[in-house]
Amino acid sequence: MNSDPPGAGTAPPRTRGTLLRFLLTGVVLLAPWPASAGTYLNSAHGDTLHGVLRPAMAALGYSRGNCGHCHEQHASVDNAEPAPAGGAAGYMLFSANYVSQNDAFCFKCHAAGSPHNGEAIINRSYSYRAGAWTGDTVADIQSVFGVIAPGTAHNLADIQTFIAGKWRFTDKATPCAACHDPHAVQGDPENAGNGVKSSGSRGWPASRPSLHATTNSLWGDEPGERMNAYTGDYQAPYRYYAVTPSSLEPVGDALANSASAAQNTVDYNTFCLDCHDAANTIYSTPLARNLRGIDWDNSKHGKLAASNDAGTDVLPPYQDAQLGSYVLACTDCHEPHGSTNVFLVRAEVNGRTPVTVTTALGNRPGPTGSCNKEWTYLCGKCHAGMGSSDGHPHPSFVPPATSGCSSGVCHASPDSCIYTACGTCHFHGSDTISGTPYGEKLF
């Protein structure tokens with residue numbers, strides 16, 4: 001780390017250096033693994049050009065990236081409390097680690113117009129960064145986590161409860177740290193406001209939860225942590241386009257370079273399944289129930305081979321001939337932090353908008369006006385045959401003889417709507433219709 005230059009009104013260099021040594025010692029004692037100066041200096045927070053910089057500490061001579069911008073060994077410098085006042089909190093932070101969905105330590109800087117960081121911090125959605133969709137105007141994390149229904153976000157209190165005691169997290173750990181080791185994660189900056197990465201500027205903003213207690217928690221930075229190394233064929237979706245598709249997520253590879261696009265896409269399946277697998281129980285406060293565990297190995301959008309029925313056409317860049325081998329990435333459909341849709345569903349998918357799903361079952365009009373087909377806003381971005389003139393999302397569909405699906409189940413409705421809501425049958429892990437086994441997975 002850079003030494004702190006003495007200045008008018010600051011403590012003598014010897015005192016300041018002693019304080020910093022104590023501070024670094026305290027941080028090392030708090031960490032359950034060996035601290036690495038190299039890792040921190042390469043992180044978004046330790047970067048000497050754009051790292052952490054609390055104005056109150058910078059005024060005292062602390063250089064950018066210095067640990068003292070977040071941690072306070074004695075909660076005072078030169079006999080005064082640096083802003084914000086209130087005394088040191090857990091982990092020697094200058095503010096409480098977690099208070100509520102709208103009030104967490106990370107939000108002291110990762111918020112619009114925060115007075116506690118030295119420059120504007122822009123955190124865009126995955127649809128913006130990878131999908132190049134500039135229609136998303138939210139640029140700070142606090143606003144994403146504070147979305148109002150029908151929008152959704154990861155519930156921070158539930159995350160804190162879930163990680164407590166796992167992977168060396170304590171019950172006082174900030175929920176943000178479950179996916180972002182503050183001493184390791186890097187920035188993934190935008191360029192020219194259109195989500196296109198500058199050459200060589202890409203960073204890796206996530207750290208895998210189960211690797212928290214190791215010295216190498218950063219995820220995506222190694223070749224084996226990308227979708228080209230994942231089981232099954234991965235085809236990256238299109239980036240946002242107005243007329244003609246031309247490039248693929250996440251960095252704009254040409255369609256002819258699909259292999260490169262897969263190599264550039266982080267394996268967020270392995271990452272997300274640390275928590276969202278079939279074995280873990282995660283209670284959702286917003287849903288007032290446990291989340292459904294995801295058996296991705298036996299899901300048609302996962303590693304399980306998908307049916308290639310005659311009427312199951314897919315839209316480019318996907319090909320019908322590969323339907324049995326495709327595997328998707330979680331981020332193809334979901335935002336990591338939050339969305340204006342239910343279940344963190346992206347507002348732009350496969351280069352197309354709008355994606356508007358505001359009820360869990362999707363029992364509202366879809367893009368063609370058909371009732372109970374709101375989920376086709378999402379599914380219709382990759383699957384064809386979902387228009388009102390098609391009669392049914394999969395018109396050639398013939399259920400197995402043992403299925404509970406019949407005209408009275410799928411099409412009858414107490415009102416003028418023709419369709420049962422898609423989400424009634426199609427969701428992660430679904431294999432039954434009205435409680436009757438269907439005979440195969442439905443998602």
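Output the residue which, of all residues in segment 207-228 that are of a type in the set (A, V, I, L, M, F, W, C) and modelled with pLDDT of 95 or more, is surrounded by the fewest Cβ atoms within 10 Å (Cβ to Cβ).
The selected residue is Leu211.
State whether one or more residues within segment 223-242 are part of a loop (DSSP other than H, G, I, E, B), farther than 21 Å from Asp158 by Cβ, more than 21 Å from the chain's Cα centre (by Cα) and free of Cβ contacts under 8 Å to residues at least 12 places away in the same chain.
Yes; the residues of segment 223-242 include at least one that is part of a loop (DSSP other than H, G, I, E, B), farther than 21 Å from Asp158 by Cβ, more than 21 Å from the chain's Cα centre (by Cα) and free of Cβ contacts under 8 Å to residues at least 12 places away in the same chain.
When residues of segment 241-268 are filtered for being out of contact with any Lys or Arg (no Cβ under 9 Å at 6 or more places or on another chain) and either farther than 20 Å from Glu222 by Cα or open to solvent by 70 Å² or more (accessible area, probe 1.4 Å) (or both), how many remain?
The number of residues fulfilling the criteria is 8.
Quick one: which of Tyr283, Tyr238, Tyr234 is surrounded by fewer than 17 Cβ atoms within 10 Å (Cβ to Cβ) and in contact with a strand residue (DSSP E or B) (Cβ under 8 Å, 6 or more places away or on another chain)?
It is Tyr283.
Return the total of residues in segment 302-319 being modelled with pLDDT under 70 and open to solvent by less than 60 Å² (accessible area, probe 1.4 Å).
2
Just checking: which of the helices (runs of 4 or more DSSP H) contained wholly in segment 1-80 hold 1 or more residues that are surrounded by 15 or more Cβ atoms within 10 Å (Cβ to Cβ) and modelled with pLDDT of 85 or more?
Result: 37-41, 55-58.
When you scan segment 280-288, do you find a residue that is part of a loop (DSSP other than H, G, I, E, B), within 18 Å of Cys330 (Cβ to Cβ) and at pLDDT 95 or above, even just one?
Among the residues of segment 280-288, at least one is part of a loop (DSSP other than H, G, I, E, B), within 18 Å of Cys330 (Cβ to Cβ) and at pLDDT 95 or above, which makes the answer yes.
Being under 20 Å from the mean Cα position of the chain (by Cα) and either of a type in the set (A, V, I, L, M, F, W, C) or closer than 28 Å to Thr161 by Cβ (or both), is that true of even one residue in segment 84-100?
yes
Of the residues His116, His110, only one is touching a residue at least 60 places away in the same chain (Cβ under 8 Å) and more than 30 Å from Ala242 (Cβ to Cβ); which?
Within the list His116, His110, the selection yields His116.
Pairs needed: first member in segment 161-176, at positive phi; second member anywhere, in a loop (DSSP other than H, G, I, E, B) and open to solvent by 70 Å² or more (accessible area, probe 1.4 Å); C-beta distance under 8 Å; at least 6 residues apart or different chains.
Within 8 Å, the pairs are Gly165/Asp171.
Given the criterion open to solvent by less than 50 Å² (accessible area, probe 1.4 Å), within 17 Å of the chain's Cα centre (by Cα) and under 18 Å from Ala384 (Cα atoms), identify the matching residue among Val342, Val349.
Val349
The values are calculated or read from the model by the stated rules, or taken from the named source; none is laboratory data. This structure is a prediction, so every number in the text was calculated from the model and none was measured. Cβ sites come from the backbone with ideal geometry, for glycine too, and all protein chains shown count toward neighbours. The area values use the complete protein model at the heavy-atom level, side chains included, leaving out ligands, DNA and RNA. Shrake-Rupley method; radii C 1.70, N 1.55, O 1.52, S 1.80 Å.
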